[in-house]
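Worksheet: the structure to be examined is printed underneath.
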Amino acid sequence: MKIKNIKQWIGTFTDIDDFKQLQAQKDHFLGIASHELKTPLTSLKLYTQFIEMNLQKQGDLRNAEVAKRMDVQIDRLTELVNDLLDVTKIQNGKIQLNESYFDFDQLIDEVIKEQQMTSRHKIIANRSFIGEVYADRHRISQVMSNLISNAIKYSPDADEVLVSAKEENDLISFSVKDFGIGIPSDKQTKVFEQYYRVSGSKEHTFPGLGLGLYISSEIIKRTGGRIYVHSTEGKGSDFCFEIPKNKNIDDHA
Ligand code: ADP
């Protein structure tokens, strides 16, 4: 082999090593930073709720409303920090599913009710009775919330978001349809990648880290299912996940 080629090889290896080391440092930093941010955020939430309660008791409703808004923003911040923590967990292979049977219909109602509290869009549910599903209730609720809040966020000019769920051959499918900005076809698989965000909307800027769908797809994959999107740019998107309804016997053989 020519000397020049060998030099090129060594150069490439060093670049890859440097890159991996940088990547590891970044992940380590993210892990520590997000962990450290959690504690003050938890205290901040408690103090804010305490103030809000006192203001309400005193009849100072205007300031109570301000405290309530602070509380909502603290929740947003907590979600962002939780997303960063989840990414670190996924990278370290430490995201654990706490699976059991739970009432899927009840969970949908709960998630919709919670999302509806902070949204002007009407969230319309169209679902058949599903009953008990074997999965991690908390993580599935996280995925549902993520899909619904995205549908709301990325359809600023629409009034409705449609949520549907059905069962077919022991498979549960859950979908969220919006009438928003949509996703160009060449970007539709990329949105599930870490930190990926579609750029290019001139009229709007949307806040976010590009982690929600990555985390959601990891959760769904680990549950033994799949997540995908059908979307038309300028018309809207339909995000869907499918998971098995029952415990997979192979998992516990
Ligand atoms: P975030 O919303 O924080 O950017 P996500 O991982 O949830 O992160 O989504 C990744 C990207 O996919 C978003 O930045 C956006 O470009 C696109 N996206 C997600 N949901 C929708 C949707 N319902 N309509 C249009 N684009 C979407």
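The values are calculated or read from the model by the stated rules, or taken from the named source; none is laboratory data. This is a predicted model, so every value here is computed, not measured. Every residue, glycine among them, receives a Cβ derived from its backbone with ideal geometry; neighbour counts consider all protein chains shown. Quick note on the areas: whole protein, heavy atoms, side chains included, nothing else; ligands and nucleic acids left out. Shrake-Rupley method; radii C 1.70, N 1.55, O 1.52, S 1.80 Å.
Each residue, Glu168 and Lys20, gets one label point 7 Å from its Cα in the Cβ direction; the gap between the two is 4.4 nm.
Counting only DSSP beta bridges with both residues in the chain, the antiparallel share comes to about 80 percent. Looking at the chain, the accessible area is 64 square angstrom per residue; that uses a 1.4 Å probe and ignores ligands, DNA and RNA.
Taking R0 as 22 Å, what FRET efficiency do you get between Gln49 and Leu209 from their Cβ-Cβ distance, rounded to the nearest 0.05? After rounding to 0.05, the efficiency reads 0.30.
Among the chymotrypsin sites (Phe, Trp or Tyr not before Pro) found in the stretch 128-223, those both in a DSSP coil and sparsely packed, with 10 or fewer other Cβ atoms within 10 Å of their Cβ, are Phe129, Tyr195.
With coordinates expressed along the principal axes, the C-alpha atoms belonging to the chain extend over 81, 49, 47 Å, beginning with the largest.
Computed over the chain, the per-residue total of -39500 (n - 2.57) for DSSP H runs of n ≥ 4 gives a 222 nm mean residue ellipticity of -18000 deg cm²/dmol, rounded to 500. Available extension along the chain between Thr42 and Tyr101 is 18.3 nm, counting 0.36 nm per residue and deducting the alpha carbon span.
Accessible area of the stretch 16-91 with a 1.4 Å probe: how many percent of it is carbon plus sulfur? Walk me through the intermediate numbers first.
Working: 3450 of 5560 Å².
Of the solvent-accessible surface of the stretch 16-91, carbon and sulfur hold 62 percent.
Stretch Leu77-Lys190 to full length: gain in nm at 0.36 nm per residue minus the Cα-Cα span? Write out the running numbers ahead of the final one.
Working: separation 113, 0.36 × 113 = 40.68 nm, distance 2.50 nm.
Additional length available on full extension: 38.2 nm.
Pairs with C-alpha atoms separated by more than 19 Å, drawn from the list Lys26/Lys153; Lys45/Lys68; Lys177/Lys235; Lys94/Lys166; Lys166/Lys190, are Lys26/Lys153; Lys94/Lys166; Lys166/Lys190.
Per the 1.4 Å probe, what fraction of the accessible area of the stretch 100-252, in percent, lies on carbon and sulfur atoms?
Details: 3990 of 8180 Å².
Answer for the stretch 100-252: carbon and sulfur cover 49 percent of the accessible area.
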